Amino acid sequence: MIQLAAKNINVILISRDAGLLMELARDISNEFHVRTVTIQADFSSDDQSLYDMLESRLQGFDIVYLINNVGTSHDTLDRFHVNTPDKLVARMINVNMMSMARMTRMLLPGMVVRRRGVIINVSSAFGRNPAPYLAMYGATKSFADYFSRALQKEFGKHHIAVQSLTPYIVSTNMTKNAPPTTLLPSAETFVRSALNTIGLESRTHGYLPHSILGTILDNAPSLVRFYYMKLFRYQANKLIEKQKLRQSGHK
Ligand SMILES: NC(=O)c1ccc[n+]([C@@H]2O[C@H](COP(=O)([O-])OP(=O)(O)OC[C@H]3O[C@@H](n4cnc5c(N)ncnc54)[C@H](OP(=O)(O)O)[C@@H]3O)[C@@H](O)[C@H]2O)c1
């Protein structure tokens, strides 16, 4: 959002935490002198009232970019019955899939009438192939990928670009703010790179080192991908344990 505002684009921020939203909106308008609007919404529910509220708040805006970025994942990488309690099944469906379909359904008709629009759906590399130990998350991201690719075919020729963005790992809250490396970029590095692909690539990893890794893994036998996931599981869970220890006051 910050990088879109830097391109002089007014932004509407939708998320759960009203305080954080206001702080971010204030920083964005102070720095880039664009208009900001904030809407507090919790997408873990599929209540019609949530989408009615959003529709009424968004009325009157000519929205050009829709970025379906909200997402939630598992706390650990583990087998399905261990890391996916019932409550998480519903939350992941609502946050990762329902919000994307409903927000697109809400804003696409206006884009069709105005004959311009860009929809970026944040999927994941783990949605491109089955992702052991992240089965539910990967499946929701697979929805995002297929949904976007189908919409791109329907609307591409009507001046509406739909992009499926499928990164590997990026350092964010979701990945416990792991120290950035070339293969695990900071959010800023990743977003800068991904923004350059808008209008050029309808399905992309969004970041060159991820595209190279993706080309290798997509073409490798499924056993190689399975071992990649096992290695990732080992490293991610180590990081999660370390963070838990830090939070409980140990070094
Ligand atoms: N980090 C990665 O390695 C990676 C890789 C591939 C794809 N992705 C995808 O990238 C997207 C952004 O994730 P991130 O890595 O930036 O993680 P993040 O820091 O945890 O951000 C997740 C975003 O989703 C919002 N969100 C989560 N649950 C919500 C809910 N119930 N209602 C409303 N908003 C909610 C969060 O808002 P709050 O501020 O309210 O928490 C936050 O803005 C996600 O779709 C994720 O699946 C991430």
Options 153, 141: the member that is charged (D, E, K, R) and either farther than 20 Å from residue 187 by Cβ or touching a Cys at 6+ places or on another chain (Cβ under 7 Å) (or both): 153
For residue 130: the one exception among (1) farther than 18 Å from residue 41 by Cα; (2) within 12 Å of the chain's Cα centre (by Cα); (3) surrounded by fewer than 17 Cβ atoms within 10 Å (Cβ to Cβ): (2)
Residue in the range 156-166 that is away from the ligand (no atom under 13 Å from the Cβ), part of a loop (DSSP other than H, G, I, E, B) and either without any contact (Cβ under 8 Å) to a residue 12 or more places away in the chain or of a type in the set (A, V, I, L, M, F, W, C) (or both) present: no
Complete set of residues in the range 8-57 that are under 25 Å from residue 193 (Cβ atoms) and touching a residue at least 40 places away in the same chain (Cβ under 8 Å): 9, 12, 14, 15
Members of the range 1-31 that are within 13 Å of the ligand (Cβ to nearest atom), in a loop (DSSP other than H, G, I, E, B) and surrounded by 14 or more Cβ atoms within 10 Å (Cβ to Cβ): 1
Residue in the range 32-57 that is nearest to the chain's Cα centre (by Cα), counting only those that are in a loop (DSSP other than H, G, I, E, B) and not hydroxyl-bearing (Ser, Thr, Tyr): 43
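Every read-out reported here was derived from the displayed coordinates using simple, explicitly stated rules and does not represent laboratory data. Here the structure is a predicted model, which is why all the values come from computation and not from measurement. In this analysis, Cβ positions are derived from the backbone assuming ideal geometry, glycine residues included, and neighbour counts consider all displayed protein chains.
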